[in-house]
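A short write-up of the structure that comes next.
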Amino acid sequence: MEQFEKEEETKKTSKFQWFLFVVFIPLLFTISVVLLILTFSGVNVFEQGKKYASQLPFVSQWIEGTEANEKKKLQEQIVELKAAMVEKEKQLKKANDTLKEKEAEIDALKQEIARLQAEKEQEQEPTTTPTTEQTSVTRVDVVKMYETMSPKKAAEIIPQMSDQEAVNLLSKLKTDKVAAILEKMDAVNAAKYTSLLAKKANN
């Protein structure tokens with residue numbers, strides 16, 4: 001019995017070896033040689049294979065389905081990239097707007113510092129009387145400074161002035177600028193300066 005099983009195993013091994021050496025290896029060698037010859041002849045073997053395979057019903061459907069999936073994925077990636085670019089552009093614009101606002105506030109603060117320094121120098125030289133022209137230029141500079149200053153910052157500074165100074169300044173600013181500044185003040189100060197401006201306008 002054992003000898004019979006050994007003989008069967010030997011026959012199976014012999015058949016496999018025969019198939020391997022007589023059929024498989026020669027066939028593989030032949031295919032390799034043909035591929036090399038076609039490649040050296042300038043024939044794109046893979047493109048030709050794809051072309052002939054696409055003529056087969058099931059293979060062509062599989063190829064078309066694969067290409068459709070690849071195109072769909074590519075289109076989805078393009079849409080995602082475009083959306084990301086739009087979002088980045090929005091963020092960049094917002095950052096630029098914020099930067100411009102900060103730059104305007106810095107310029108306004110520089111002008112305010114310059115004005116305070118000028119006032120300090122004038123206080124230190126009480127004997128020097130400014131000319132009418134110099135006073136006019138200083139007032140114009142102050143008005144220009146508050147025109148460029150943010151309404152919120154101006155609303156914080158103006159209540160620190162005397163009522164006369166505040167009303168004189170507000171009366172020289174543009175109407176929309178005054179409205180924006182009053183809007184940023186608390187209700188008490190906004191009502192007070194509105195009343196004072198109305199009185200000045202009636203005089």
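List of remarks:
- A DSSP coil position with no more than 12 other Cβ atoms inside 10 Å describes the following trypsin sites (Lys or Arg not before Pro) in segment 137-196: Lys174.
- Partner lysines whose Cα lies under 26 Å from the Cα of Lys15, excluding those fewer than 8 positions away in the same chain, are identified as Lys6.
None of the figures in this text is laboratory data; all of them are computed from the coordinates on show. Computed from a predicted structure; not experimentally measured. Here Cβ is always computed from backbone atoms with ideal geometry, including for glycine, and neighbour counts include all displayed protein chains.
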